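Beneath this line is the structure, given in structure tokens, with notes to follow.
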Amino acid sequence: MSTRAYGRTSWPWAATAVLLFWQTWFLCHVYATERSGVRWTCDTEGCGTNQLAGGALFLAVPSAVGAAVLAAPFLGLAGAGLAVVLAAFGLLLRREDDHAVVAAYGLVALGVVLVVTGAARSLRRRGLRQEPEAAGPAADGGRVPGRALLRQVLAPGTLLVAAPAAVVVTAFVHGALDGPRWAMMLGLNGTAALLFTLGTVRLRHRPGVAQDLPSGEGAVHAPARLHSLTVRGTDFVFDLTVLPDRGAPYRIEVEHPLDLQDVRLHRAALVRHDPRRPWRVDLPQHPPAAELARARAAVRTNDLPTAPRLGNPAPGTQVLLAGTLLTAASLILLALA
């Protein structure tokens, strides 16, 4: 799968891969520089230690595998090579002795081979196959209404989710700068998990396509004018200009598996939308007959102005913005303390 296949959702997974790449190098570096000073406690069941260097290699292996897997859509086989090279340099940099130095140089050679092979395969595929660019009005999304998005950022439910996420990211940044190492490790892996989850929930996001209404609460009806009706996969795509009772008209795409309301014939529809989140629009299957008739009449009689295309924020955008603000505030307070 190529980077382009992820659309605009690629960056959270790419950021997760970067964090895991760095963690792979860091763990191998800790092992190489602190291994001789590890204090082991032994009993009848075996030996153990609470120092990071003691188990650094065991933690570095899944970190390297995770980084290679997440980087594969972007780097292909070169992602695995990069993970191996970083692990090898971590073992070689400022090492305390020559233990396993031959193995470290072998890892460097293996990583370089994987990187070169992956780059060559990527260039060959690019030359043989040119992927089509995204087409259609929704390819570039549209403008997301700032006030509506800000209201969602400051909503209690958003802040309730963003607060623990901000604690995790703050622990990582604080630990990486001057805090305890355990806070950095827990925060790093927690941040990676949050970014991976964010990327997962955004996989199906398409900018410019309306999101469904989760319930009828707060939704109101509004007339809409049809510009075009196309098919995308198994769904019909209605390119509509919505005419809300309050606020300016806006243009957005609505997907539905059925061709409803004889929209193709009348070039008009009755939609439901959320005034607080105007990117949430759907086509009711059985709209009130009187309101549908008024909507068709309004579209026929009114000289509709050109409406700007409305974008829809990707899932998790509100939590991401709120978490970023809370993290910045937490780091400022720690710096001033």
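Selection over segment 313-327 of residues that are over 12 Å from the mean Cα position of the chain (by Cα) and open to solvent by 50 Å² or more (accessible area, probe 1.4 Å) gives a count of 4.
Counting residues in segment 200-207 that are out of contact with any helix residue (DSSP H, G or I) (no Cβ under 8 Å at 6 or more places or on another chain), farther than 25 Å from Phe26 by Cα and surrounded by 20 or more Cβ atoms within 10 Å (Cβ to Cβ) gives zero. Taking the conditions exactly as written (assigned to a helix (DSSP H, G or I), over 21 Å from the mean Cα position of the chain (by Cα), modelled with pLDDT of 80 or more and of a type in the set (D, E, K, R)), does Arg124 satisfy them or not? Criteria not met by Arg124. The set of residues in segment 176-190 that are in a helix (DSSP H, G or I) and under 16 Å from Leu336 (Cα atoms) contains only Leu177. When the criteria are applied in full, Ala78 fails the requirement of being modelled with pLDDT of 80 or more and within 30 Å of the chain's Cα centre (by Cα). For segment 270-291, the count of residues that are basic (Lys, Arg) and in a helix (DSSP H, G or I) is zero.
Confirm whether Ala64 is on the phi < 0 side of the Ramachandran plot, part of a helix (DSSP H, G or I), at pLDDT 70 or above and surrounded by fewer than 18 Cβ atoms within 10 Å (Cβ to Cβ). No, not satisfied. Scanning segment 170-199 for residues that are open to solvent by less than 70 Å² (accessible area, probe 1.4 Å) and more than 16 Å from Phe21 (Cα to Cα) returns Thr170, Ala171, Val173, His174, Gly175, Gly179, Pro180, Ala183, Leu198, Gly199. Only a single item in (1) touching a Pro at 6+ places or on another chain (Cβ under 7 Å); (2) at pLDDT 85 or above; (3) over 24 Å from Leu321 (Cα atoms); (4) of a type outside the set (D, E, K, R) is not met by Pro223, and it is number (1). Would you check if Leu270 is touching a strand residue (DSSP E or B) at 6+ places or on another chain (Cβ under 6 Å), surrounded by 20 or more Cβ atoms within 10 Å (Cβ to Cβ) and hydrophobic (A, V, I, L, M, F, W, C)? For Leu270, the condition - touching a strand residue (DSSP E or B) at 6+ places or on another chain (Cβ under 6 Å), surrounded by 20 or more Cβ atoms within 10 Å (Cβ to Cβ) and hydrophobic (A, V, I, L, M, F, W, C) - is met.
Consider Leu304 carefully, then state whether it is over 24 Å from Pro145 (Cα atoms), at pLDDT below 85 and not in a helix (DSSP H, G or I). No, not satisfied.
A Cβ distance below 6 Å, combined with a sequence gap of six or more or placement on separate chains, defines the contacts here; from segment 309-337, residues that are assigned to a helix (DSSP H, G or I) reach no residue that is charged (D, E, K, R). Looking only at segment 10-45, residues that are polar (S, T, N, Q) and over 23 Å from Phe196 (Cα atoms) come to 4 in all.
The values are calculated or read from the model by the stated rules, or taken from the named source; none is laboratory data. Every value quoted in this text rests on a predicted model; they were computed, and no experiment measured them. Cβ atoms come from the backbone with ideal geometry, glycine included; neighbour counts cover every protein chain shown. These accessible areas exclude ligands, DNA and RNA; they are computed on the full protein's heavy atoms, side chains included. Shrake-Rupley method; radii C 1.70, N 1.55, O 1.52, S 1.80 Å.
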